[in-house]
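Scroll down for the structure; my scribbles are underneath it.
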Amino acid sequence: MNEILRRILFLPPQSSTIAPQIDALHYAVILTTMAGSALVALAALVFVIRYRHRPATPIPLAPDPATERGTRRVEVAGASLLLGLFVLFWVIGFRQFVQLESPPANALTIQVTAKQWMWTFAYPNGRGSKGVLYVPAGRPVRLSMTSRDVIHSFYVPEFRVKKDVLPGRTTELWFEAREPGNSSVYCAEYCGEGHSTMRARVVALNDADYALAIERLPPLELDLPGPVYREPALAGIAPPERLSLAQMGERVATEKGCMRCHTVDGTPHIGPTWLGMFGSLVPLSNGRQTVADAAYLTDSMMDPRALIHRGYAPVMPSYQGLLSAPETGAILEYLRALARPPATTVNAAEQAPLVPADAPPIRLPNELQAADAGAAQETP
Amino acid sequence: MTTAALPFDLTEDSHADYLRAQSGVRSWLNTRDHKRIALMFLGAVNLSLLLGGVFALLVRLELLTPERTLMSASTYNRMFTLHGIVMVFMFMIPSIPTVFGNFLLPLMLGAKDVAFPRLNLASFYVYVFGSVLTLWSMIAGGADMGWTFYAPYSTTSPAAVAPVGLGVFVLGLSSIMTGLNFIVTVHTMRAKNLRWHKMPLFVWSIYATSIIQVLATPVLGMSLLLVAVDRLFQLGIFDPTLGGDPVLFQHLFWFYSHPAVYIMILPAMGVISEVVCTFSHRPPASYRAIAYSSLGIAFVGFLTWGHHMFVAGISVLDSGLFGILSMFVAIFSAIKVLTWTATLRRGSISFETPMLYFFWFLFLFVFGGMTGVAVATSSLDVHWHDTYFVVAHFHFIMVGGTLTAYLGALHYWFPKLFGRCYSERWGMVSSITVFTGFFFTFMPQFLLGNAGMPRRYYSYPEQYQWLNVLSTAGASILTAGLVSTVVYLAVALARGPRASQNPWSSRSYEWLSASPPPQHNFLEQPDFERSPYDYHLPEPSAPGAAPHASEPAHSPGE
């Protein structure tokens, strides 16, 4: 049944865990509303035939209060029924919407940067890809997204998810691919001449393939002085160790002067400490509190005086224009790593598996370069 | 029946119908007669419709193939932008109020003219100026930001955004002038004995529309000015690189532009309410339901703008609130639909071209409206937002609704406007062609949206092609229908048989005047004691006989 309706309605395959639920509501809403509309159209048609003008028709009767009351009763009943139905749609739809907006706690985070007209992705291991997003199948993935220029919108029809990507802000979207396979990414917010070529692919892989795939990607290109490599302990003995995204964030934060005011060991300084800040409840100077999520932290970098952490002077300058979109993403990843006790997170990241010593730098797959060139990709 | 004498001299001149009362180009350009201003608007908005239609056809032709067909991507982007701006701001918003509202409001209220005739004429020239300014931008390099002007694209795009923005700003001014004029006219110009609850339903819908025009349009003007100063002086209101907030622009824009869809559809609903009563020969099933739901739509319509922004990064709570409020707007529309359908029941329905348009309206409005309920369901909108499903949805309900009602109004009041009859056969055939074309243009677009094709795409994956070809074929049929309508109406204008005063046997007040009406609308003040829907009483005799009554009058269809 699901498959038949999906094909009749031209819906794409249901490649995410939430897609079947959303489609179920889709069928219910479309079938009910179309049946209701057909009923109205049919009633109108019947009335037109039944009450068509005949030359011998006498002058219509004066309005009869009893009939009018009857009509009104039918109308009130019809409108109430519809209202009940619409509210029901809303309740179910809103519950699903809340689910769409709430990434599971164990979701893997990948940073997404949009620019005219290309998608780039940054993985926790500090590697990046363009035009192809690798995700593990069967695991929730959270995309933490920002734009370098105008508004874009990240849309995967097969996953039934979409979210605008804004300059100077971070928005989030999550999904869980059901099985390994390819899905298409479209930019859904008009962004200029190349809008319709701003496409990409999501490649869902099983865990082992995913780990291998992102390990083979080139390191993320951040605009940092010096190579994004950690100095080898003893020159010539070990290959240069690539930095994880969180470590890049640490590097960016140091370069950009964040560490002059923020600490990462839990002691408050000119600004609040970053240790344990991500995801915590932050008390604000206006008496409220807010969750320090990616959106709040990005806003605090770009417009630091909008919401002030209680107990701190509003002295932080805006980093708008000083931090590129990927750098913002890297800092967020660093903050995210600092959310948990440092012993288990940052160190774990440092001990992340290295590239095998004998692994030569692997070139990007062909389609990545095609995407690089901004060429449109066919959708499978 | 009271036949109060009018407070002005019945000179020979005022006996002549308004088309012939004065002659010469200057008598038109300087006229303060609401009927002549209405006709000038008719010409102007029809030109806009033609222009917007040409842009639409170019867009549809480009989409015949997945890659380049006719034009480059940047030309395509300029074409859909112009299509949207011309159709929304130059055709749909002014269409029914400025043409039929202008022509009929004083007739329906028993007034000689609108409250501010000079303002009325000024609003026409402001409209023309705004349109010229908007179109000038085409020569000045084109504008490619879509009719929605989303920042920061619109504040940074290299194209000529500013002149288009300014043009739309001026068009908004014209809209405010018209709205203000109509509100004052309804309040102060009603004939003696014409109480609010006896006004024709068309007046209620124009009144509700005018309220939205006056309250919402200034916000659009403000937002566009802010975009312009953001571009010119780098103020950083919406541009995030200067510390601005692009989502704020969307809030401001939709605060106007969502109510604006009711500016487009409410007058259409007014037309439909008149047509259904006239051709069913019975009063509306519930006068108050139709009248008050117009006001309900006008009010709740102000509180639903956020449903355009479910995926724009607004809070979950906001999305929930805007979702449920959108459902309430749907209820007011549903009340109207049920009332129109109930009006057919126990009527004595004659079936002519305007009634055919009533049917197309009902079909497009009901099915399109129900897809509106679907897109208001937040989780479903996530998939549909910014895809062709939304394009199809608003073309069904807003464009289809406005266009079919506009054409219905044109056919219904054509005898009143020009005193001529058009060929009923051509009317029927063209009407069916228009609907068929419309249906096949937009039905495939619902499916394209389901399949995930985003809107404003110049090139698209090949799997979407055949539905696009179908849609373009539909657009060609629609064009044929509209062209044939223009032709036979032009023929009727020149050579159509004379229309009688009340060819449809309507009871509404405007039919108490001659066809075409004399310069001062009524030679004798008609009786406004009776209801405009008293079909159970014999047809009232015409108080002001047509000045050319010597000629035999035909009714359409003969």
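Only the coordinates and a few stated rules stand behind these numbers; no lab work does. From a predicted model like this one, the values you see are computed outputs, not experimental measurements. Neighbour counts run over all protein chains shown; Cβ positions are idealised from the backbone, glycine included.
Using a Förster distance of 41 angstrom, determine the FRET efficiency expected from the C-beta separation of B:Leu537 and A:Leu88, and round it to 0.05. Before the final figure, lay out each step's value.
Values: r = 45 Å, r/R0 = 1.10.
Given R0 = 41 Å and the Cβ-Cβ separation, E is 0.35.
Can you give the local net charge around A:Ser15? Use residues other than it whose beta-carbon is closer than 11 angstrom to its beta-carbon, Lys and Arg +1, Asp and Glu -1.
Surrounding charge for A:Ser15 is -1.
What's log10 of I(q)/I(0) for region A:293-336 at q = 0.22 Å⁻¹, Debye sum over Cα points only, no solvent?
Reported log10 I(q)/I(0), two decimals: -0.75.
Mind putting together the pair-distance distribution for region A:132-203? All Cα pairs, 5 Å bins, whole percent per bin, short to long.
Going from the shortest bin to the longest, the percentages are 4, 17, 26, 27, 16, 8, 3, 0.
Report the FRET efficiency, 1/(1 + (r/R0)^6), for A:Arg69 and B:Val184, where r is their Cβ-Cβ distance and R0 is 51 Å, rounded to 0.05. Intermediate values should be presented prior to the final figure.
Numbers: r = 37 Å, r/R0 = 0.72.
Efficiency at R0 = 51 Å is approximately 0.90.
Between B:Tyr458 and residues 5 or more places away or on another chain, which pairs have amide H atoms under 5 Å apart, with H built 1.01 Å from N, and which residues are they?
Excluding prolines and chain starts, which carry no amide H, the hits are A:Ser196.
Can you tell me the mean projection area, over all orientations, of the convex hull of region B:33-81's alpha carbons? Units nm², please.
Working: hull surface 14.6 nm².
Convex hull of Cα atoms, orientation-averaged projection: 3.7 nm².
With the calculation restricted to Cα positions, what are the radius of gyration and Dmax of region A:263-344 in angstrom?
Calculated on Cα positions, Rg and Dmax stand at 12.3, 34 Å.
Under a no-solvent Debye model with one identical scatterer per Cα of chain B, what's log10 I(q)/I(0) at q = 0.05, 0.11 Å⁻¹?
Taking Cα atoms of chain B as identical point scatterers yields -0.20, -0.98.
At 4 °C and 1.567 mPa s, grab the translational diffusion coefficient of region A:241-294 from Stokes-Einstein with a Kirkwood Rh over Cα pairs, rounded to a whole number in µm² per second.
Working: Rh = 12.5 Å.
After rounding, the answer is 104 µm²/s.
Step by step: find N for region B:89-200, compute 2.2 N^0.38 Å, then divide the Cα radius of gyration by it. What's the final number? Walk me through the numbers before you get to the answer.
On the way: Rg = 17.7 Å, N = 112, 2.2 N^0.38 = 13.2 Å.
Normalised by 2.2 N^0.38 Å, the Cα Rg of region B:89-200 equals 1.34.
Using only C-alpha atoms and all pairs of different ones, pull out the Kirkwood radius for region B:234-303 in Å with one decimal. Write down the numbers at each step before the final one.
Numbers: mean 1/r = 0.0677 Å⁻¹.
In region B:234-303 this quantity evaluates to 14.8 Å.
Alpha carbon centre of region B:450-492 versus region A:63-77: separation in Å?
Cα centres, region B:450-492 to region A:63-77: 42 Å.
Going by the alpha-carbon gyration tensor, a ≥ b ≥ c the square roots of its eigenvalues, is region A:139-180 rounded (a/c under 1.5) or, if a/c is not under 1.5, prolate (a/b greater than b/c) versus oblate?
prolate
Lysines within cross-link reach of A:Lys162: Cα-Cα under 21 Å, excluding same-chain residues under 8 positions apart?
A:Lys115, A:Lys130
Modelling each spin label as a point 7 Å along the Cα-to-Cβ direction, I'd like the A:Asp207/B:Val469 distance in nm, to one decimal.
4.8
Which number do you get for Rg(Cα) / (2.2 N^0.38 Å) in the protein assembly as shown? Write down the numbers at each step before the final one.
On the way: Rg = 31.2 Å, N = 938, 2.2 N^0.38 = 29.6 Å.
Computed over Cα atoms of the protein assembly as shown, the ratio equals 1.05.
What distance in nm separates the two pseudo spin-label positions at B:Glu462 and A:Leu39, each 7 Å out from Cα along the beta-carbon direction?
Simple spin-label model gives 4.5 nm for this pair.
Rounded to the nearest 5, what % of the DSSP beta bridges within the protein assembly as shown are antiparallel ones? Present the calculation step by step, with values, prior to reporting the outcome.
Numbers: 38 of 53 bridges.
Here the antiparallel bridges make up roughly 70 percent for the protein assembly as shown.
Rounded to the nearest 500 deg cm²/dmol, what is the calculated helix-only ellipticity per residue at 222 nm for the protein assembly as shown, with -39500 (n - 2.57) per DSSP H run of length n ≥ 4?
Helices in the protein assembly as shown give a 222 nm mean residue ellipticity of -17000 deg cm²/dmol.
Checking the a/c ratio against 1.5 first, then a/b against b/c, what shape does the Cα gyration tensor give for region B:323-444? Can you show the working numbers first?
Numbers: a/c = 2.75, a/b = 1.72, b/c = 1.60.
Prolate shape, in that a/c is at least 1.5 and a/b is the bigger ratio.
Quote the FRET efficiency, to the nearest 0.05, computed for B:Tyr125 versus A:Glu179 with a Förster distance R0 of 60 Å and r equal to the Cβ-Cβ distance. Numbers along the way, then the final one.
Values: r = 64 Å, r/R0 = 1.07.
Efficiency, from the Cβ-Cβ distance: 0.40.
Once you list every other residue whose beta carbon is under 10 Å from the beta carbon of B:Ser348, what net charge do they have if Lys and Arg are +1 and Asp and Glu are -1?
+4
With a/c under 1.5 counting as rounded, go ahead and sort region A:1-101 into rounded, prolate or oblate using the C-alpha gyration tensor (a ≥ b ≥ c being the square roots of the eigenvalues; past the cut-off, prolate if a/b is larger than b/c, else oblate). Provide the component values of the computation, followed by the final result.
Numbers: a/c = 6.43, a/b = 2.20, b/c = 2.93.
It is oblate, given that a/c is not under 1.5 and a/b is not larger than b/c.
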